[in-house]
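Input: a single structure, listed below in structure tokens.
Since every read-out is calculated from the coordinates, none of them should be taken as a lab result. Fair warning: this is a prediction, and the values are worked out from it, not measured in the lab. Counting neighbours? That spans all protein chains shown, and the Cβs are built from the backbone with ideal geometry, glycine included.
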Amino acid sequence: MNKKDYYEVLGLQKGASDEEIKRAFRRLAKQYHPDVNKEPGAEEKFKEIGEAYSVLSDPDKKRQYDQFGHAAFQNGGGSSGFGGFSTEDFDFSSIFDDLFGGGFGGFSSFGGSRRSSNRPQKGRDRLINVDLTFDEAIKGCKKEIALELDEKCEECDGLGGFGEKTCSTCNGRGRVIEEQRSFLGIFQTETTCSRCNGRGKTYDKKCSHCKGTGTNRNKKKIEINIPEGVDTGHQLKISGKGEAGINGGPNGDIYFEFKVKPSPIFERDGIDLFLNVPITITDAILGIKKEIPTTDGNVYLEIKAGTQNGSKLKLKGKGVKSVNSLRKGDMYVIIDVIIPTKLSREQKKLIEELRKTDLENEPDLKKFKQYL
């Protein structure tokens with residue numbers, strides 16, 4: 001029977017590098033793995049990809065294939081040192097474990113064995129969202145967080161039962177293998193043992209407190225210290241306080257992710273703050289000492305005579321503290337000159353008097369007038 005060229009199966013040109021072969025296989029194996037892709041033909045495509053990679057990733061087999069093609073693996077084909085090689089000799093499970101860390105749910109299409117699931121495993125991590133006010137975020141605070149966690153059952157010490165013995169179905173492996181024969185060879189599907197749920201052991205008596213799971217769902221409260229300067233998206237990790245481990249493994253971790261409510265007056269950019277300060281037109285002309293808010297309390301800011309609308313004044317060190325250092329950002333004050341829309345009769349009279357004086361000596365006004 002005719003087979004597709006192995007390079008073509010992986011979407012590569014002959015002479016592709018080892019890294020290109022590995023990258024192509026990783027991408028296609030994820031795309032067509034039967035645990036992920038349920039379309040008709042996906043499983044056969046997955047096996048075809050694995051077969052191609054098993055040859056092209058091995059320097060000796062790749063050299064033989066480049067020289068003789070598929071004939072290198074037929075009985076009597078290729079060089080004498082390679083005769084009799086067939087797809088049934090491939091151990092694809094080790095390849096998938098090396099590339100994907102065994103993360104495809106135990107599917108072992110090409111034989112070989114998986115690592116036992118009854119080994120100690122770290123418990124699941126938890127991600128908890130925490131809402132903060134603007135002040136809580138920049139000044140730091142303590143928060144008591146209520147949550148539910150799967151914790152080790154104290155009654156059975158997390159075992160799930162009493163009177164431990166080796167599972168007779170899987171002989172302690174925690175997994176069972178079923179073989180299927182096809183024209184491509186012998187293929188094996190490895191699944192979790194249903195009798196012991198992958199633990200490799202059973203018990204004479206199931207724990208009534210946790211119903212054999214080894215864990216109980218408990219409500220608890222955790223107090224956390226939130227450092228100064230956190231912002232939306234920042235995370236705080238509490239090690240070993242997550243879900244209970246499996247088979248004596250360590251607990252997972254808890255990650256607290258913050259969402260900060262915006263300030264009604266301050267704009268934040270990293271560790272810097274921006275504040276729009278409205279002033280009257282007369283204050284802009286004559287100058288003024290203006291009381292303004294900061295995160296550390298009110299201060300007086302000197303606004304010099306002739307300050308223009310949109311001017312930016314810097315207050316060093318009045319920003320937000322960096323979470324990871326002692327550095328503090330700066331605060332920038334943006335001057336917003338307010339033009340009045342309504343004037344009293346007296347105000348209007350004063351403005352008219354002002355207009356009669358010579359205010360057109362400003363450079364910008366002179367520059368504009370020369371084009372008239």
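Separation of the alpha carbons by more than 18 angstrom is noted, of K22/K62; K290/K312; K3/K62; K139/K289, for K139/K289. If the chain linking Y255 and F68 were pulled fully straight, counting 0.36 nm for each residue of separation and taking away their Cα-Cα distance, it would gain 61.8 nm. Using the Cβ of V333 as centre and a radius below 15 Å, the other residues enclosed give a net charge of -1, where K and R count +1 and D and E count -1.
Note on E148 and N276: their simple-model spin labels are 4.5 nm apart, each label 7 Å out from Cα toward Cβ. Amide H contacts of L273 (H built 1.01 Å from N, in plane; Pro and chain starts excluded): V320, D330, M331, Y332 sit under 5 Å, all sequence-distant by 5 or more or on other chains. Once you reduce segment 120-181 and segment 202-260 to the center of their Cα atoms, the two points are 7 Å from each other. In this simple spin-label model, placing a label point 7 Å from the Cα along the Cα-to-Cβ direction at both K314 and K206 gives a separation of 7.0 nm. Compared with the alpha-carbon gap, the fully stretched path from K356 to N129 is longer by 75.4 nm at 0.36 nm per residue.
Maximal additional length on extending the R345-T166 stretch stands at 54.6 nm, based on 0.36 nm per residue less the C-alpha distance.
Remark: relative contact order (segment 277-319) = 37 percent; criterion is Cα-Cα distance under 8 angstrom and separation of 6 or more residues. With θ taken as phi - 60° and the Karplus curve 6.51 cos²θ - 1.76 cosθ + 1.60 applied, the whole-hertz 3J(HN,Hα) list for segment 192-204 is 5, 5, 6, 6, 10, 6, x, 7, x, 8, 10, 9, 5 Hz, x standing for glycine and proline. Starting from the Cα of D157, move 7 Å in the Cα-to-Cβ direction to define the label point; list residues of segment 245-277 whose amide nitrogen is under 13 Å from there. Only 248 fall inside the zone, counting backbone N under 13 Å.
For V299, the amide hydrogen comes within under 5 Å of the amide hydrogens of I292, T294, counting only partners 5 or more places away or on other chains and with H modelled in the peptide plane.
The local environment of I128, defined by Cβ-Cβ distances under 15 Å, has a net charge of 0 under the rule Lys, Arg +1 and Asp, Glu -1. Rounded to the nearest Hz, the phi-derived 3J(HN,Hα) couplings of segment 159-164 under the Karplus curve 6.51 cos²θ - 1.76 cosθ + 1.60 (θ = phi - 60°) are 7, x, x, 10, x, 5, where x marks glycine and proline.
3J(HN,Hα) along segment 310-316: x, 4, 10, 10, 9, 10, 5 Hz, from the Karplus curve 6.51 cos²θ - 1.76 cosθ + 1.60 with θ = phi - 60°, whole Hz, x for Gly and Pro. For G245, neighbours were defined as the other residues whose beta-carbon sits under 15 Å from its Cβ, and their charges (Lys and Arg +1, Asp and Glu -1) total 0.
Taking segment 142-161 and a reference point 7 angstrom along Cα→Cβ of I238, the backbone N atoms nearer than 16 Å belong to 142-152.
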